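Read through the structure below, which is laid out as structure tokens, and then see the notes.
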Amino acid sequence: MLTTIRNWSEAWSLLIPLLVIVFQKRVRAEMYPLFIYVLIAFVLNLTATTIFAMNKSMPAFLKNNNVFYNLHSITRVLFLGTYFFGLQILRFTLFYKILLVGYIGFILLDFLFFESLFRFSNVLFTVESILLLIVCLTFLFQAMRDESQVDWIKHPAFLVFTGVGLYEAVNFFIFLAFYDLVEKDRQFGKLTMTIHNMTFVVFCILLALAFYKYEKRSPVYRRPSADAAL
């Protein structure tokens, strides 16, 4: 039973933010990139998990689910990056746009000349972790230095980047040494995948809380002015 829950966790965990969205019946404009990400991620993960769980009964051309994981990684970077740009907290915007264009160029070069999209790309996931960790650290650093009236610590975006940062920080080394872990010790490889799945569930829970908080947001996200303090 626990094995089944773990094996399907990459699919059912995305239902948590989706259910919050369904009950709210609307998505704020700021969160739309994350809404699209959750929808695409759910379809990709559900497909990948179904292929894994029913692999023996699948026709030969449907036994490989690696392409769906690779597409999920690309989707995560592009849509979380788009969300980040929409927060209007960025300085040196041109640098991050160049970084995003460079990432797209890397994807094209990697899959056209070096790797197959149908093989799990630990390089792709490692690059994802590096880029999104840069984004998360940039957000936290600039949030602390921001002099506007927005209280970023209480802002829903803080939950989003906490979830992303935790997920990427924990999984960076798993992605980096994925094939070594699996080939040298399959049991340890399974353990690392369980850790990956657990962090993904936490990420989805924090995403759901962010969607909920956006709907309930109030002036509490603004710092008290000096006049109010007096």
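The values are calculated or read from the model by the stated rules, or taken from the named source; none is laboratory data. Since this is a predicted model, take the numbers as computed values, not measurements. Ideal geometry is used to build each Cβ from the backbone, glycine not excepted, and the neighbour counts take in all protein chains shown.
Summary table
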read-out: Of the criteria (1) surrounded by 15 or more Cβ atoms within 10 Å (Cβ to Cβ); (2) in a helix (DSSP H, G or I); (3) hydrophobic (A, V, I, L, M, F, W, C), which one L108 fails; value: (1)
read-out: Residue check for F85: surrounded by fewer than 18 Cβ atoms within 10 Å (Cβ to Cβ) and farther than 25 Å from N171 by Cβ; value: no
read-out: Helices (runs of 4 or more DSSP H) fully within the stretch 1-101 counting 1 or more residues that are of a type in the set (D, E, K, R) and modelled with pLDDT of 90 or more; value: 9-12, 66-86
read-out: Given (1) modelled with pLDDT of 85 or more; (2) part of a helix (DSSP H, G or I); (3) surrounded by fewer than 17 Cβ atoms within 10 Å (Cβ to Cβ); (4) touching a helix residue (DSSP H, G or I) at 6+ places or on another chain (Cβ under 6 Å), index of the condition I134 fails; value: (4)
read-out: Given (1) out of contact with any Pro (no Cβ under 9 Å at 6 or more places or on another chain); (2) buried (at least 19 other Cβ atoms within 10 Å of the Cβ); (3) in contact (Cβ under 8 Å) with a residue 60 or more places away in the chain, number of the condition L44 does not satisfy; value: (3)
read-out: Complete set of residues in the stretch 137-164 that are surrounded by fewer than 19 Cβ atoms within 10 Å (Cβ to Cβ) and in a helix (DSSP H, G or I); value: L137, T138, L140, F141, Q142, A143, M144, R145, T162
